[in-house]
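The values are calculated or read from the model by the stated rules, or taken from the named source; none is laboratory data. As the structure is a computational prediction, the values presented were derived from the model and not from experiment. Glycine gets a Cβ as well: all are built from the backbone with ideal geometry, and neighbour counts include every protein chain shown.
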Amino acid sequence: MSTFGPPQLSPPSSLPTLSSETKGNHAQAGHLTASKAQAVVTEPDEAAHAKRVFHYQRESSEVELFYDLFFVGTIATVSIHNEIVNAQTFKAYLGFFTLLWTTWLHTVLYDVRFSKDSLFHQAHKIVSCGTLLALGASASLYDTGNIERTKAGFKAMSLVLMTSRLALVIPHSIVLWTSRGYRKVRSPLILMLATYLLTAAGYLVIALRIEHYPGCYVFWYVICAVETASIIAVSCYWTLVSFRPTHLVERLGELTLVIIGEGILVLSRRTYQLFGMLNSPSADVYIATICAVLLTYLVYALYFNHINHDEFGSIRQQVWILLHYPLHLAILLTLDGASFLIMSGTLSKMTVAWMDDYPLYSFATWDEFFRSFSTTSAVVSTLTARVDRLWTRMYRDPLVALRLFNYTETVTSLEHIPAPFNSSKWQHQAVETIGDLWTDVEVAIYHGFGIEPNLPFGQLPSEYNEASAVEDVVGTAFLYFYFAAGSLLMVLAIMCFFAKKQSLQAMWLRISIKVAIGICVILPVITLWLSTPASWTFFQSPWTIATTMLGYFLVVVVEMFIDWLDQRKQRQPLGSTSATLHVPAPGSPALFTRQTQTVDLENTRSSPTETKSPTLRVSIERSVGGQVEETQRT
């Protein structure tokens, strides 16, 4: 029976038929292929959306640099009006810098990933600049030594910190809304948004409870630590929001440069004040100033010599970022301490010269001193002449000292003592007056150079208290300068480990020299604790800065030598096992012709009694007009 339609074609015998097992395998393979195709479609969609959400830049914009100016302006203002003069002011400075630095950091972490040139982001940047300025303004009432008197300042600072985090919540919410359909982008954004919301709530709670629990301000620093650790952890776990493709390394380098500039500003201000006040600066002042300038440059060279923008891994980069907090703090304290020690040497010499004129340095007893005069007027004239001699010898304009301290009133008060000259009662009151004169002049010397003691609230500013306070200022500067300078080298050593710019051997050599010199830089602190005559001689000399500068100079020289050895080791020597030679093919234009000759020397194994000559293989690859010809010869 015939059937209508196309003929039924049987498979030829030469073609194998598919078994059921083979069909199942093919079906499974087809399912996997479809899944892969679906994944291929999904992943580019996520990546394409990430490109629309994240706005990576290769360099900083002008508005970002403008934001850095507010940071340095705030820290400069606080440094001028809240100088480190004792342990209490040091802790207050450390706390304020922590709040300011973390506020700057979180704003920058948003900028390098999401910020773009738009009206909204311009408004966000204005709010961010305003928060930094408000932090500086509230720092005028920031006194951790007397919280009861400055509760209003602490409350204002908490509200400013809350505002800075809310200013980050709004833009992160907008980014989250635009990414709501993409899981890989949505999850880290939700965590970052929740972190900033909880941080803002924490600052609000502190602002509300500071009236009843003044000590709760310490939770500022706990919140800062938890907040920063959370944001960094999110960027480590979700590589989509990591900082590796951003210009964050450049931003931190720019802030480091700005902080070094703040140190230069302090150095310029204090040297201007010193040279403007002194009658004739000694050679020690010039040497100390030159050493401070060289130290500033060496700090700059040590930091920017270890940065490698293209060799960071995600985890190492996050740790390297966080290490900038102790680094920036150490730079500020090192440069500030160096500029202060320039003045401290001059101040120490002035106070020593003044104390050498103290009557008991020349006479055994007060009675012997007073009996060398016949009248009260003679005593007054002698004391006035000693003060005038000090002012004339030290100050360019002696009237400046009179404006700081009118010593004539104290000296002439000896003539108004209601007792006969050289009587026991007269001598007793005269001794008190002369003691007050010497301490008042010492305090006036420090005040003339802008050094104000930080007396505890409620303590009467007596002559003795002020004199002790100003002497503690110099000792405090001596301590934090050497600790900061040594710590700076150690932090740079740790950063060198995470940067991994060079080979392993060169890296460990660089770390070792930094740690060794860092420990040696801290050693002079022991001389202050020993309080020997030799230590005080060293303390008053320009070697206080010169020793640190020479240590930094040694580190730079050794690192340059290590770099030279490392580059020489990695350089390809002549006669290596592989060489490539590019020669134009004869008779062909140079633009369309390429000839590559590769020489490979292979040494064969030889027995102790037999030596075989190496085999020379020459491979010539010639390309003319896109056609490639290759021949090999042995």
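Against the condition modelled with pLDDT of 90 or more and within 24 Å of the chain's Cα centre (by Cα), how does Gly136 come out, does it pass?
On the way: modelled with pLDDT of 90 or more: no; within 24 Å of the chain's Cα centre (by Cα): yes.
Here the answer is no, as Gly136 does not meet what is asked.
When the residues of region 247-300 are filtered to those that are assigned to a helix (DSSP H, G or I), among the hydroxyl-bearing types (Ser, Thr, Tyr) and free of Cβ contacts under 8 Å to residues at least 12 places away in the same chain, which remaining residue is farthest from Phe70 (Cα to Cα)?
Restricting to residues being assigned to a helix (DSSP H, G or I), among the hydroxyl-bearing types (Ser, Thr, Tyr) and free of Cβ contacts under 8 Å to residues at least 12 places away in the same chain, the top hit is Tyr286.
Restricting to region 145-196, count the residues that are among the β-branched types (Val, Ile, Thr) and in contact with a Lys or Arg (Cβ under 6 Å, 6 or more places away or on another chain).
We begin by selecting, within region 145-196, every residue among the β-branched types (Val, Ile, Thr); these are 147, 150, 160, 163, 169-170, 174-175, 178, 185, 190, 195.
Applying the additional criterion that residues be in contact with a Lys or Arg (Cβ under 6 Å, 6 or more places away or on another chain) yields none.
Here the count works out to 0.
When residues of region 518-539 are filtered for being touching a helix residue (DSSP H, G or I) at 6+ places or on another chain (Cβ under 9 Å), farther than 26 Å from Ala493 by Cβ and modelled with pLDDT under 70, how many remain?
Result for region 518-539: 3.
The rows are residues; the columns are (1) farther than 24 Å from Glu64 by Cα; (2) of a type in the set (Ser, Thr, Tyr); (3) modelled with pLDDT of 90 or more; (4) more than 22 Å from the chain's Cα centre (by Cα).
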site: Asp111; (1), (2), (3), (4): no, no, no, no
site: Phe114; (1), (2), (3), (4): no, no, no, yes
site: Ser118; (1), (2), (3), (4): no, yes, no, yes
site: Ala123; (1), (2), (3), (4): no, no, no, yes
site: Gly130; (1), (2), (3), (4): no, no, yes, yes
site: Asp143; (1), (2), (3), (4): yes, no, no, yes
site: Ala152; (1), (2), (3), (4): yes, no, no, yes
site: Thr163; (1), (2), (3), (4): no, yes, yes, yes
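Applying the selection to region 86-126, what residues are in contact with a helix residue (DSSP H, G or I) (Cβ under 9 Å, 6 or more places away or on another chain), in a loop (DSSP other than H, G, I, E, B), surrounded by fewer than 20 Cβ atoms within 10 Å (Cβ to Cβ) and not acidic (Asp, Glu)?
Asn86
Using the structure shown, decide if Thr150 is crowded, with 17+ Cβ neighbours inside 10 Å, in contact with an Asp or Glu (Cβ under 8 Å, 6 or more places away or on another chain) and assigned by TED's automatic domain parsing to the domain that holds Val85.
Yes.
In region 385-414, what count of residues is obtained for those that are surrounded by fewer than 15 Cβ atoms within 10 Å (Cβ to Cβ) and either basic (Lys, Arg) or under 17 Å from Phe369 (Cβ atoms) (or both)?
5
Can you go through Ala364, Ala353, Ala430 and tell me which one is more than 50 Å from the chain's Cα centre (by Cα) and either assigned to a helix (DSSP H, G or I) or surrounded by 14 or more Cβ atoms within 10 Å (Cβ to Cβ) (or both)?
Ala430
Please identify the pairs in which a residue from region 112-130 that is free of Cβ contacts under 8 Å to residues at least 40 places away in the same chain has its Cβ atom under 9 Å from the Cβ atom of a residue that is part of a helix (DSSP H, G or I) and not hydrophobic (A, V, I, L, M, F, W, C), counting only partners at least 6 apart or on another chain.
Gly130/Thr163
For region 206-240, give me each residue that is in contact (Cβ under 8 Å) with a residue 60 or more places away in the chain, farther than 27 Å from Val319 by Cα and exposed (fewer than 14 other Cβ atoms within 10 Å of the Cβ).
Once the filter is applied, which keeps residues that are in contact (Cβ under 8 Å) with a residue 60 or more places away in the chain, farther than 27 Å from Val319 by Cα and exposed (fewer than 14 other Cβ atoms within 10 Å of the Cβ), region 206-240 yields Glu211, Gly215.
What are the pairs with Cβ atoms under 8 angstrom where one residue, in region 375-399, is among the aromatic types (Phe, Trp, Tyr) and the other, located anywhere, is surrounded by 13 or more Cβ atoms within 10 Å (Cβ to Cβ) and outside any helix (DSSP H, G or I)? Sequence gap at least six, or different chains.
Tyr395/Leu278
Go through region 180-224 and report how many residues are more than 26 Å from Tyr237 (Cβ to Cβ) and not in a helix (DSSP H, G or I).
4
Report yes if Ser230 is assigned by TED's automatic domain parsing to the domain that holds Gly73, part of a helix (DSSP H, G or I), out of contact with any Cys (no Cβ under 9 Å at 6 or more places or on another chain) and closer than 23 Å to Asn82 by Cβ, otherwise no.
Values: assigned by TED's automatic domain parsing to the domain that holds Gly73: yes; part of a helix (DSSP H, G or I): yes; out of contact with any Cys (no Cβ under 9 Å at 6 or more places or on another chain): yes; closer than 23 Å to Asn82 by Cβ: no.
So Ser230 fails the test.
Scan region 381-422 residue by residue and report those that are modelled with pLDDT under 80, more than 19 Å from Val352 (Cα to Cα) and outside any loop (DSSP other than H, G, I, E, B).
Listed by number, the residues that qualify are Leu399, Val400, Leu402, Arg403, Leu404.
Return the pair list, or none, for Cβ contacts closer than 6 Å from residues in region 511-523 that are more than 17 Å from Phe561 (Cβ to Cβ) to residues that are polar (S, T, N, Q) and buried (at least 21 other Cβ atoms within 10 Å of the Cβ), at least 6 apart or on different chains.
Pairs that qualify, where the first residue is more than 17 Å from Phe561 (Cβ to Cβ) and the partner is polar (S, T, N, Q) and buried (at least 21 other Cβ atoms within 10 Å of the Cβ), are Val521/Thr548.
Could you give me the residue pairs with C-beta distances under 8 Å whose first residue belongs to region 132-157 and is free of Cβ contacts under 8 Å to residues at least 12 places away in the same chain, whose second residue is surrounded by fewer than 19 Cβ atoms within 10 Å (Cβ to Cβ) wherever it lies, and which are 6+ apart or on separate chains?
From residues that are free of Cβ contacts under 8 Å to residues at least 12 places away in the same chain, the pairs are Thr150/Leu141; Ala152/Leu141.
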